Each structure stands twice: as C-alpha cells, then as structure tokens.
Amino acid sequence: MEKSPSTSDSPSPFGVLQNLRPELPYPNAALSYWHRTTRGFPYLRANETGPLPTTMPYAIIGSGLSGALTAFELIQAGVRPDEILILEAREAVSGSTGRNAGHVRPDACSGFNDYAAIHGTDEALHIVNNERVVLTSVQQFVQKHNIDCDFQPKQTFDVCLTREIAQDEMDNVEQYANAGGSLDHIKLHEGDAAKFRTGVRDALTAWEWPAASIHPVKLAQWLLTDSIEKGCRLYTNCPVSQVTRGENDKWNIHTDRGVVAAGRVIHCTNAYAGALLPQLSAMLLTPIKVQMHSLIPTQAFSGSNVLKTSMALRYEKHRYYALTQMAVDGMIIFGVAKPSGFTFDETSYTDELVMEGLEKFDSLFPRAHYQKKRHGEGLDHAWSGLIAMTPDKVPYIGEIDGFEGQFICAGFNGHGMARIFSCVPGLVKLVLGGSWQDTKLPESFRYSHGRLNKALAGDGL
Ligand SMILES: Cc1cc2nc3c(=O)[nH]c(=O)nc-3n(C[C@H](O)[C@H](O)[C@H](O)COP(=O)(O)OP(=O)(O)OC[C@H]3O[C@@H](n4cnc5c(N)ncnc54)[C@H](O)[C@@H]3O)c2cc1C
C-alpha cells in the first residue's frame, strides 16, 4: 500500500474542491482489514473478463452495501433476478463499505442542531430518528437470515474530552429533547462516572446509547451471494465510463467490455457518483479521505477483556477517534476521524496519521501498556477510505430529474451503515414506480436539481 504525502499544507478546501474533477475508482485501491479477512469470497472477481449482456431491465452500478442491498430488495419486490445486472469497477465491495469503521452507529442526536439549522426542526427530528430505525432493521435482517457477519449489538459512547465538545453535545441533546425527540435510549455519565463507565481516564462526560459492530464486507458479500445464486449477474473489473441516452427510453451504459442498454440505471457509486453524473461536482459530493487502523490487542484488551462497547472519543465536532473491537478475533478498529485530503485515492495511507492514532490510543488507554507490547501485538494494518459528503449533510436519494429512469443512492456523509437499510428499500419503491411518500424517508433526502442549486448558492447552509 502506498503512503501519501502529509496534507498539513493543503490549500483552502473551497479552492481545492472547485478544481477537483470527479474520477472513476482507482483500480489499485489498497486492501483494508475487512478485505484482507474475506479474500475467499467466490464472487470477488465474478465475470472479470468477457463481454456484457447487451440489454438488461435493471442495471446497478456499484457493489457496496447500497448496490448489494438494491439487488436484494428488487428481487424481494418481485423483479426476476436474471433481469438485474450489477457492474463493479474493481473487486466486489471494494469501496467504502469495505473500508469503514465497522459500526452500525446511529447518531443519537449530536448532529441535531446542524440538521435543524439547515432543514428545520421537524425535519431534523425525522433525520435523526431515521438512523435509529436502521439499527433495528439491520439487526432484524441479520437475525432473520442468520447472516455470519460478526454483528454484535453493543452500547456505544460519545466520550467528550474537552469542555467545548461536552457543551456542544449537551446543547444538541437539549435542542433535540425540546423539539420532542425521545431520550429513552440515551444516558449521560459525568465526571468519574464517565471515566468509570467508558474506561477512558480523560473523559469529562459520556453519552451512551445502543449501536452495533459488524463486519461490513461479510454483510455485503452475503447480499451479493444471495442475489447471484438466484440469477442476478455481477460483473467485476468493469468500470462504467459513461451513461448516455439510448433508444426506446433506455440508457446506454458504456464500459470497455461493451454497452448495455438498460431500462433502469441505479447509481450506487458513493463518492464516485460525479464521474457519471457531472452535475455532482466535488462541491456537491465531496470525497474526504479518512484513515483507519487495525490493532492486535495487548492483554488488557484481549480474552475476557475485549471491549463490549464502542466509542467516538471526541475533541471537536469533526476531530475524533473511533473505536470498536471485534468479538471474533479481538481486533481493535481505530479510526482517526479527521480529513486526510480531498481526493478519490483509496490507495494510500499516511505515517503521520498512523503515529497520531497509536499515540492517541496509548494516551487514552494507558492500561493497554502499548509501549510494552509483545512481538505480534500492536499495529496490524492501516488503510484509507472515502466519505462522501453533501453540503446539506444528508444523502441523495431518488430519480434524477431530466434523466428519467436513472436513480441515485449516494452521499451518506459517513453514516451509510446507519442509513442504507432505510434508503435502499425507499429507493427501490421509487425504481418500481412508487411515490416519494411511499419511501417514508425524510423529504430532505430527495434528490433534485433544485436542491443542488440551493446548495451551490449556499442557501440555508
Ligand atoms: C473510513 C470510513 C469510516 C466509516 N465509518 C462508518 C461508520 O462507522 N458507520 C457508518 O454508518 N458509516 C461509516 N462509513 C460510511 C460507510 O462506509 C458508507 O456510507 C457506505 O459504505 C457507502 O456504501 P455504498 O455502497 O453507498 O458505497 P461504496 O461501498 O463506496 O460502494 C460504491 C461502489 O461503487 C463502485 N463504483 C464507483 N464508480 C463506479 C463506476 N463508474 N463503475 C463501476 N463501479 C463503480 C466502487 O468501486 C464501489 O465498490 C465510513 C466510511 C469510511 C470511508
């Protein structure tokens, strides 16, 4: 895996984004811990050579959680599996689904004030409550289908490490409660109670609520397997370069391996969506590179000491460290949640952030005795992934105006694991002719050119 140069001297984000042209996925993207532990997936490089079918009623671009669940939901809704094609630029599940923090972690309400400022109080409530519903949906889905994806319900904490962030979180909770939001599932720990409950010696306060950890690639691979074994076709190593208007209300999907005429095209391409939909410039769908690490635990975090909770260790709203530990192998997944560049490059990581992550883990958890680790303990791997941000902080879901028959499901602002299980079922209703009301999604998620123009004008943002 390549290392990238330090980004500390980066010019202003506005200038960088104006000049950043959306690109297709890099073919040599590095592997994450999730990828390295699932190399035996039989459909990893399914149909990686050979021509494509020339026509197909439904074509999904992207094989991450959004694409995989879209195929599954279309089949559930009665579409014949052999009428569905999934086109993936690289190996199956090679994007953010395979690079994330392994959390299904609804935002309890720390984003409430930001959502309310942009979308109004009622809509902010709907947005926050939508994430909570997804945790239950994922849990029920995994249980119903008995999916081997290391899903583990656990309590999670927002651990506040500065007075400013403690106050900010308190403000958000108060505003959320004043707006009628339910606090039934949220607990506050302060002072020594926060230190004791979280095991973090510098904790000032901690908010606790239910979440889960998961092996995201295993979940997406299960979904792909289920659809493929019913007859859906996945073509990997097949980047789509363009979608153009075809005959008879179809769209022509262009690849190096041929052109497919599709009745319905569903863009599940996450941070890369702008490469095929030029209206989604990097200003409107911003790829932010974030770095993750897997650590082999020392004795203090292994065996019966494996953490049964997860946490975001917060210094500032957008500077925090994400921590979860997998029950199966005890691997600690530790993320340095701050941007390490605006880019489409998932091939590299920086030593600077590795050092920061290890030092931070050590100082936050001195009991890990990280300095005295044995050979074999400590850093296992580092990788990066792209978070797809939107200016109004909510995803783009729905049909693309002016491009009837093309749909999008992207821009999860780093919350896809906590949103896709409501967004995709909603999107599939639209693909099959339903109305926006049928989706039951927050109105603010609805894609429209008006929404893009409003964001470009900075209106309300
Ligand atoms: C470091 C990191 C940590 C995160 N942590 C969390 C978390 O803790 N909780 C949470 O809820 N979310 C988290 N997220 C966000 C979450 O991972 C994403 O929102 C989610 O995985 C998006 O899934 P997706 O299927 O939409 O996109 P992806 O998984 O990115 O899939 C898109 C796929 O489309 C393919 N593709 C793109 N363009 C083309 C093309 N032109 N032709 C063919 N194929 C194409 C890509 O190769 C890719 O495989 C994190 C993300 C990152 C990067």
Pairs returned, first residue in region 71-82 that is among the aromatic types (F, W, Y), second residue that is surrounded by 21 or more Cβ atoms within 10 Å (Cβ to Cβ), beta-carbon separation under 8 angstrom, 6 or more apart or interchain, are F72/L223; F72/S227
Do we have any residue at all in region 375-385 that's within 16 Å of the ligand (Cβ to nearest atom), buried (at least 21 other Cβ atoms within 10 Å of the Cβ), of a type outside the set (F, W, Y) and not in a strand (DSSP E or B)? no
Only one of P339, P395, P366 is within 12 Å of the ligand (Cβ to nearest atom) and at pLDDT below 95, namely P339
Within region 79-123, of all residues that are of a type in the set (V, I, T) and touching a strand residue (DSSP E or B) at 6+ places or on another chain (Cβ under 8 Å), the one farthest from the ligand (Cβ to nearest atom) is V79
Among the residues that make up region 211-228, is at least one of them more than 14 Å from the ligand (Cβ to nearest atom), in contact with a Leu (Cβ under 6 Å, 6 or more places away or on another chain), more than 30 Å from F342 (Cβ to Cβ) and not in a loop (DSSP other than H, G, I, E, B)? yes
Within region 33-66, the residues that are closer than 24 Å to Q325 by Cβ and touching a residue at least 24 places away in the same chain (Cβ under 8 Å) are Y33, W34, H35, R36, T37, T38, F41, G64, L65
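Of the residues V428, V424, which single one is modelled with pLDDT of 95 or more, of a type in the set (A, V, I, L, M) and within 18 Å of the chain's Cα centre (by Cα)?
Details: V428 fails: within 18 Å of the chain's Cα centre (by Cα).
Just one listed residue meets the conditions, V424.
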Here the residues within region 48-69 that are away from the ligand (no atom under 13 Å from the Cβ) and either part of a loop (DSSP other than H, G, I, E, B) or small (G, A, S) (or both) are T49, G50, P51, P53, T54
query: Right, D459: modelled with pLDDT of 95 or more and among the acidic types (D, E) or not?
result: no
Contact list, first residue from region 157-179 and more than 13 Å from H318 (Cα to Cα), second anywhere and polar (S, T, N, Q) and part of a helix (DSSP H, G or I), beta-carbon distance below 7 Å, six or more apart or interchain, is F157/T198; V159/T198; D171/N113; N172/N113; Q175/N113; A179/T121
By my count, strands (runs of 3 or more DSSP E) wholly in region 236-351 with at least 2 residues that are within 20 Å of A410 (Cα to Cα) are 242-245, 251-255, 258-267, 286-296
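Residues checked against (1) among the small types (G, A, S); (2) touching a residue at least 12 places away in the same chain (Cβ under 8 Å); (3) surrounded by 15 or more Cβ atoms within 10 Å (Cβ to Cβ):
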site	(1), (2), (3)
G181	yes, yes, yes
H189	no, yes, yes
R197	no, yes, yes
R201	no, yes, no
W207	no, yes, yes
H215	no, yes, yes
K218	no, yes, yes
Selection from region 295-335 of residues at pLDDT 95 or above, surrounded by fewer than 20 Cβ atoms within 10 Å (Cβ to Cβ) and basic (K, R) yields K308
Scanning region 431-457 residue by residue, those more than 16 Å from the ligand (Cβ to nearest atom), in contact (Cβ under 8 Å) with a residue 24 or more places away in the chain and farther than 22 Å from H119 by Cα turn out to be L432
Quick one: would you say N130 is within 29 Å of Y176 (Cα to Cα), at pLDDT below 95, more than 9 Å from the ligand (Cβ to nearest atom) and in a helix (DSSP H, G or I)? yes
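Let's see how each residue does on (1) closer than 30 Å to G450 by Cβ; (2) touching a residue at least 60 places away in the same chain (Cβ under 8 Å); (3) touching a His at 6+ places or on another chain (Cβ under 7 Å); (4) within 16 Å of the ligand (Cβ to nearest atom):
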| residue | (1), (2), (3), (4) |
| --- | --- |
| L276 | yes, yes, yes, yes |
| S281 | yes, yes, no, yes |
| L285 | yes, yes, no, yes |
| I296 | no, yes, no, no |
| F301 | no, yes, no, no |
| V306 | no, no, no, no |
| T309 | no, yes, no, yes |
| A312 | no, yes, no, yes |
| Y315 | no, yes, no, no |
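Across region 15-47, what is the total count of residues that are assigned to a loop (DSSP other than H, G, I, E, B), aromatic (F, W, Y) and within 12 Å of the ligand (Cβ to nearest atom)? Please lay out each step first, then the result.
Keep residues of region 15-47 that are assigned to a loop (DSSP other than H, G, I, E, B), which gives 20-32, 37-47.
If we keep only those that are aromatic (F, W, Y) as well, we get 26, 41, 43.
This time we only want the ones that are within 12 Å of the ligand (Cβ to nearest atom), so: 26.
Looking only at that region, the number is 1.
Picking from R105, R45, which residue would you name as being over 20 Å from I288 (Cα atoms) and of a type in the set (K, R)?
After ruling out the rest, the residue left standing is R45.
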Checked Q325, Q406 against criteria (over 26 Å from T298 (Cβ atoms), in contact (Cβ under 8 Å) with a residue 60 or more places away in the chain and over 17 Å from the mean Cα position of the chain (by Cα)); the one match is Q406
Residue hits (region 95-127; closer than 25 Å to G335 by Cα, modelled with pLDDT of 95 or more and part of a loop (DSSP other than H, G, I, E, B)) are G95, R99, N100, A101, G102
Scanning region 419-437 for residues that are over 19 Å from A71 (Cα atoms) and either in contact with a helix residue (DSSP H, G or I) (Cβ under 7 Å, 6 or more places away or on another chain) or surrounded by 14 or more Cβ atoms within 10 Å (Cβ to Cβ) (or both) gives W436
Checking T255, T236, T244, T269 in turn, the sole residue that is near the ligand (Cβ under 7 Å from one of its atoms) and of a type outside the set (K, R) turns out to be T269
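The values are calculated or read from the model by the stated rules, or taken from the named source; none is laboratory data. Keep in mind it's a predicted model, so treat the numbers as computed, not measured. In this analysis, Cβ positions are derived from the backbone assuming ideal geometry, glycine residues included, and neighbour counts consider all displayed protein chains.
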